[in-house]
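See below for the structure under consideration.
The values are calculated or read from the model by the stated rules, or taken from the named source; none is laboratory data. The structure presented is a predicted model; accordingly, all values stated were derived computationally and were not measured. All Cβ positions, even for glycine, are placed from backbone atoms using ideal geometry, and neighbour counts span all protein chains on display. Protein only, heavy atoms only, side chains kept; ligands, DNA and RNA dropped before computing areas. Shrake-Rupley method; radii C 1.70, N 1.55, O 1.52, S 1.80 Å.
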Amino acid sequence: MRSAPSRPHRQAEEGGGDFAQRRARPARRRQQPRRHGNSAGPPIARAPPATVVTSARPGAVSMTAGQAGRRRERRRRRRSPPSRMYRKEKSILLKESSLALYNNMSVLPLPAKQLTYFASVHGTTVNMVSASDDGLSFSHRQLQAKEGSLGVGASIITQAAWCVLPSRVLLVLTSRKGIQMYESDGSIMVYWHALEGLESPPGKAVFARGIAATGQRFVCVGTSLGSVLIFDVPAKGTNITLSEVLEKHCDSITDIAAELCEQPEGVPDLVTADDSGALCVWFSGEKFTLANKIPASECTCSSVKLWNGIIAAGYGNGHIRLYEAASGILRAEVRAHARWIYALDLAPLSGKLLSAAEDSFVQVWKLSPSPDSEGIEIQHCHSECVTDTMICGARFCNPEGSAFAVTGFELSEIIHYVLA
């Protein structure tokens, strides 16, 4: 006896059912002529709008062709990158690469000469570049730091920074042996301070790090023993003296920052940071006094800035914290980077904050007072990625923050960005 065919075969024999319909549809599609280009066809101007089905699932949403086009446009806009705040300019080449040191870049704008000076450290050498504002001319100089007035023996440099005082500008170098101060172009060394007399615990290296100018005539330099040396700098000449030593830190100084804006009397104008994450806030003057101390945190504070009574501190965990300088109260904290922050900078005229880290990213933020409270607001404005580069230096190129420069570990160039 012949067994009964399965249901699909039975439907095929009977010439009906879903199976027959599925088999017939491809044939009908093949019979329809294809149209290419301007081939003839019925007019479509008065035809009803076409319907586009966005999914073959049951209950799929349908829309007109115009709606589908608008939806595609919205998707395209979401995929396209947003307009950028800064654009990359021609890089500035260095004679040697930069080392992985905190805040390993200094910038000195000279608007009267239409020049900008850049400096970064590599071993015993400071790589200096003067660049014209139009980016057409560059001048290089390598400053070999020497020990003492005899200029004998080179020392490993830990930082180089320009200190701008009302009466003069000095290029200050810190090293494992001492502190050197040069004229702004690096042509003449005007002062040398040795660290040989400092007593250190067994096995702990002695070096200087952290540089800032404050007040009318003071240059502040930190040491690995936690002390901060205050130098009194005259308007001209070489009669620079060590006027005071501040000793409130228990760990190595990492960075020092002075107030970037004019403040009334009685407002703290200097902040120092150390390896434990502790911050000390100071009143400068003939006698420096401690305003308050922000306790140590779980990680190092590698870079610090002071603007309008607000302390911006960058940490090894990638966070940026904003403190009120007068009280030490934490006003805001941002997870700015995935890895160690190496540099912060602030543009005093605009309140822009620049942060750079070993995660290859540079971020630009905007600080502003909160209208609803006494706090501070921080808004993200721009992000740049320097691929496969551990960034160790970043600075704004002018007080407005309309341009900034970046360098990184083993990078033999300074990458320059300007407002788009």
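Want the number for Phe283 to Glu377: 0.36 nm per residue separation, take away the alpha-carbon distance, what's left?
Working: separation 94, 0.36 × 94 = 33.84 nm, distance 2.53 nm.
Difference between extended and current length: 31.3 nm.
Going down the table (Lys236/Lys366; Lys146/Lys236; Lys293/Lys352; Lys177/Lys305), which pairs top 28 Å between alpha carbons? Mind showing how you got there, number by number?
Working: Lys236/Lys366 38 Å; Lys146/Lys236 22 Å; Lys293/Lys352 25 Å; Lys177/Lys305 26 Å.
Correct reply: Lys236/Lys366.
A simple spin-label model places the labels of Ala112 and Lys236 1.3 nm from each other, with each point 7 Å out along Cα-to-Cβ.
Computed from the C-beta positions of Ser402 and Glu298, the FRET efficiency with R₀ = 60 Å rounds to 0.95.
Dipole magnitude for region 252-300: about 160 debye, using +1 per Lys or Arg Cβ and -1 per Asp or Glu Cβ, origin at the Cα centre. In plain terms, the chain from Asp133 to Ser187 could stretch by 17.2 nm, reckoned as 0.36 nm per residue minus the Cα-Cα distance. What you get for region 239-381, charging only the Cβ of Lys and Arg (+1) and of Asp and Glu (-1), is a dipole of about 300 debye around the Cα centre.
Neighbours of Cys397 by Cβ distance under 11 Å: Lys/Arg scored +1, Asp/Glu scored -1, total -3. Within the same chain, aspartates and glutamates fewer than 8 places from Lys90 are excluded, and of the rest, those with a Cα less than 13 Å from its Cα are Asp133, Asp134, Glu413.
Taking label points 7 Å from Cα along the Cα-to-Cβ direction, Val418 and His140 give a separation of 2.3 nm. Note: relative contact order over region 210-346, using C-alpha pairs below 8 Å and six or more positions apart, is 16 percent.
At a 10 angstrom cut-off on C-beta neighbours, averaged per residue, how do the peptides 285-291, 335-341 rank from highest to lowest? Walk me through the numbers on the way to the answer.
Numbers: 285-291: 13.3, 335-341: 18.9.
In decreasing order of mean packing, 285-291, 335-341 become 335-341, 285-291.
Our summary gives region 198-257 a relative contact order of 32 percent, counting only alpha carbon pairs under 8 angstrom and 6 or more residues apart. If you take the Cα centroid of region 296-321 and the Cα centroid of region 365-420, the two points sit 15 Å apart.
When you count the other C-beta atoms within 10 angstrom of each residue and take the mean per peptide, 252-262, 171-181, 323-333 line up highest first as 171-181, 252-262, 323-333.
If you roll a 1.4 angstrom probe over the protein chains with everything in place, what fraction of the accessible area of region 132-270 belongs to carbon and sulfur, to the nearest %?
Working: 3190 of 6440 Å².
Carbon-and-sulfur percentage of accessible area, whole number: 50.
Would you work out the relative contact order for region 330-377, in percent, from Cα pairs under 8 angstrom that are 6 or more residues apart?
Values: 71 pairs, mean separation 14.9, N = 48.
In percent, rounded to a whole number, it is 31.
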